[in-house]
Amino acid sequence: MAEGFLYVIGFIVSLTLAVLITPLVIKLAFKIGAIDKPNHRKVHTRIMPRLGGLGIYAAFVGAYFAIKPFIPDGLLRNYDTNLINALLTGGSIIIVIGVLDDRFELSAKVKLVGQIIAASVVVLGFGVKIDLLNIPFGESMQPVAAWLSIPLTILWIVGVTNAINLIDGLDGLAAGVSAIAIGTILVMATVMGFVPVILLSALLLGGVVGFLFFNFHPAKIFMGDTGSLFLGFSLATLSMIGFKQVTVVSFLVPLLIIGVPLSDTFFAIVRRWVNKKPIFAPDKGHLHHCLRELGFSHRRTVLIIYAIAAFFGICAIVQSTIVQSSAANWITFVIILVLVFVLQIGAELIGIVDKSRRPLLNFLQRVVLRTEQSRSK
């Protein structure tokens, strides 16, 4: 069986399983009481089943074991199999945490401990960690000491896991943004010919797309913490191992892959700090809330954020293709400046940090005004 055909079949099997399993998960969620009730912070107005991430996980794992007997000998090395087992094992721990939270609403501390355990299993149990770091304007690859590598990798996995959870506020939002990020990793891994990440990304993407049939507005089920934590964990692991032949993290590429949830998380921290609120206190100032306040419909808000996520994904692919060129450092620097500028302008326009404070826009307005005055003299 040709490799490309194997990946396509894996994607189709995963998608089909998600479509078949998700209705069963809906019934299970109602039966065990894993439901989401409306309140002042939420957009939906009726009781909704959560636990949808269980359908994504089941489709992903089921598809992997379904096609495993057909994987040609020699296609996966022992090291590749180790990476796959790392994601499957750590992801299973995350799923257990998510299911318990969707049913019993665990405290933030308990969930954090569970996430650290899952990340530690990947890092310490399977040896998947950041060993090399690509730093602009330095040597091409800098080794990372073990004492720094382990906590840095755990911090990355836990941070990204929670970033996806924070944007799960509208029908299809977190799942769609995750699908775009997974697709970005899939394209990059395909260009590099990195088999384990291609396989895992194709299977995971199939499960997410299949789930979106039930999760896009108007949703029949929410992914819940089961889904957002699992997808965040998977993206953190894949983005770390999927660029430049494993355990090599570029300065920018993984950040771009998950640019939407990370930037939304960053602005949430700044917003709460500016307004002197606890960093972990929930609010209605996230990107999707701001877009809704501007008058965009539910679907249009989600599609706008999809477009932003796709823009980040394209930037990641472009950055990954030039990282080996002699001009890579300067291109990276320019991309960072442009993205920071665009993000700040966008944040001020929609008021994601503060509705009244617009320092950059006010500065640009003054510059334009002075330019016009100097021309008129």
Leaving out ligands and nucleic acids, note down the accessible area per residue over the range 149-246 with a 1.4 angstrom probe, in whole Å².
22
With respect to the cross-link table entries K37/K109; K31/K276; K111/K277, which display a Cα-Cα separation exceeding 32 Å?
K31/K276
Long-range amide H partners of I35, meaning residues 5 or more apart or on another chain whose placed amide H is closer than 5 Å, are R50
Full-stretch length increase - V191, K109 - with 0.36 nm per residue and alpha-carbon distance subtracted:
25.5 nm
Highest-first arrangement of 170-176, 369-375, where packing means the average Cβ count within 10 Å:
170-176, 369-375
What full-extension length gain, to one decimal in nm, is calculated for F296 and N275 as 0.36 nm per residue of separation minus the Cα-Cα distance?
5.0 nm
Listed peptides 103-110, 186-193, 311-318 by packing density, highest first (mean Cβ within 10 Å):
311-318, 186-193, 103-110
With every protein chain kept in place and ligands, DNA and RNA left out, what is the accessible area per residue of the range 20-103? Probe 1.4 Å, answer in Å².
49
Please list, in chain and number order, the residues 5+ apart from K220 or on another chain whose amide H is under 5 Å from its amide H, with Hs placed from the backbone.
N215
By how many nm would the segment from K68 to T89 grow when fully extended, if each residue of separation counts as 0.36 nm and the alpha-carbon distance is taken off?
5.9 nm
Return the aspartates and glutamates within reach of K27: Cα separation strictly under 16 angstrom, same-chain partners fewer than 8 residues apart disregarded; answer none if there are no such residues.
D36, D102
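The values are calculated or read from the model by the stated rules, or taken from the named source; none is laboratory data. If you're wondering where the values come from, they're calculated on a predicted model, not measured in any experiment. Neighbour counts run over all protein chains shown; Cβ positions are idealised from the backbone, glycine included. What goes into the accessible areas is simple: the full protein's heavy atoms, side chains included, and nothing from ligands, DNA or RNA. Shrake-Rupley method; radii C 1.70, N 1.55, O 1.52, S 1.80 Å.
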